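Q: Below are the structure tokens for one structure; questions will follow.
Every number in this text was worked out from the coordinates using simple rules, so none of it is lab data. Since the model is a prediction, treat every value here as computed from it, not as a measurement. When we count neighbours, we look across all protein chains shown, and the Cβ atoms used for this are built from the backbone with ideal geometry, even at glycine.
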Amino acid sequence: MQMPVNPFLRALEGDDVQYGLWAGFATGYAAEICATTGFDWLLIDGEHAPNTVPTILAQLQAVAPYATAPVVRTVNQDPALIKQLLDVGAQTLMVPMVESAEQAAALVRAMRYPPHGIRGVGGGLVRATRWDGIDDYLGRAHEELCLIVQVESPKGIENVEAIAATEGVDAVFVGPADLSVGMGHPGNPGHPEVQAAIEHAIDAVQTAGKPAGILAPVEADARHYASLGCRFIAVGIDISLLRQGALATIARYKGTTPGDSSASSTY
């Protein structure tokens, strides 16, 4: 059996911007619905959504037949958890709050087998090897794995050049929300100081020859970041889309404005 190709990694090698959807429902059923809608990639959020390794596995299985490429965000930088996520078949990991080249290098090692890393061997126990069905998985796994590190703090911005230049880091994702909080502008990623930091990060990542990504649910922001050179952009959040759609629907019947507290009141 051949090594499964990582469609997200291959897409980053092209010229088109890859538009993604944040998946926070933590169920395979919802993830499968999202995977049928045409997004290039789907972020399965293990940091802030109520996910576990089994629920992430269920979502990977649910979206496998579709063209939307799954990306899994880890809850932290724990090598043991990274090993589990890779073993259940995640090929692209996004790791939050990376603040130094040393942290980035440690994450690279966590994703690779010895002698280039510390990933443990699961062999026939794990989905990633198709239960020992993939030829030379141990020797070739790194070819189809993608490591995205998140830069989302002032310290991360300070070290973004070194982080992006770390060998084995495939892409860098900027987190506007955490960055705005860390810079003293909570809830205001549009603040000029935050925007300057974001633009600096995007430029530094591109200078290192790596793709930059960002979360931008507002269309004007997404188009702005695309113009700056971002190669993969999350332009929606499934939970937000459900809530916005529900508010807009009931507003048509109750005569309220979407977002009014009265629009979500019970009968």
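Q: Just to verify a number: FRET efficiency for Glu161 and Thr257, C-beta to C-beta distance, R0 = 35 Å, to 0.05? Kindly include the intermediate steps, with their values, before the conclusion.
A: Working: r = 46 Å, r/R0 = 1.30.
Result of the calculation: an efficiency of 0.15.
Q: With just the Cα atoms of segment 75-194, tell me how far they stretch along each of the three principal axes, in Å, largest first.
A: Ordered largest first, segment 75-194 gives principal extents of 52, 24, 19 Å.
Q: Sticking with this structure for a sec: Given contacts defined as C-alpha pairs under 8 Å and at least six residues apart, what's the relative contact order of segment 61-120, whole-number percent?
A: Working: 56 pairs, mean separation 17.9, N = 60.
RCO, segment 61-120: 30 percent.
Q: For Met1 and Thr37, what is the calculated FRET efficiency with R₀ set at 35 Å and r taken between the beta-carbons, to the nearest 0.05?
A: With a Förster radius of 35 Å, E is 0.70.
Q: Further question on the same structure: For the chain, count all C-alpha to C-alpha pairs, find those more than 28 Å apart, and express that count as a whole percent of the total.
A: Cα-Cα pairs in the chain separated by more than 28 Å: 36 percent.
Q: Next question. Check Ala69: other-chain or 5+ apart residues with amide H under 5 Å from its amide H, H built from backbone geometry?
A: The answer is Trp41, Leu42.
Q: In addition: Let me check against my output: what whole-number percent is the relative contact order of the chain, with C-alpha pairs under 8 Å and at least 6 apart?
A: Taking the mean separation of contacting Cα pairs over the length of the chain, I get 18 percent.
Q: For the charge dipole of the chain, defined by +1 on Lys and Arg C-beta atoms and -1 on Asp and Glu C-beta atoms about the Cα centroid, which residue among Ile202, Phe25, Phe232 has the Cα displaced farthest towards the positive pole?
A: Phe25
Q: Determine one quarter of the surface area of the Cα convex hull of segment 8-136, which equals its mean projected area, and express it in nm² to one decimal. Could the numbers behind the result be given before it?
A: Details: hull surface 33.9 nm².
In nm², the orientation-averaged hull projection of segment 8-136 is 8.5.
Q: Near the amide H of Glu99, under 5 Å away, which other amide H atoms are found, from residues 5 or more places off or on another chain, if H is placed in the peptide plane?
A: Excluding prolines and chain starts, which carry no amide H, there are no hits.
Q: Note down the nm distance, to one decimal, between modelled labels 7 Å out along Cα→Cβ at Gln244 and at Thr27.
A: 2.2 nm
Q: Sort 130-143, 170-183, 235-248 by packing, meaning the average of other beta carbons within 10 Å per residue, with the highest value first.
A: 170-183, 235-248, 130-143
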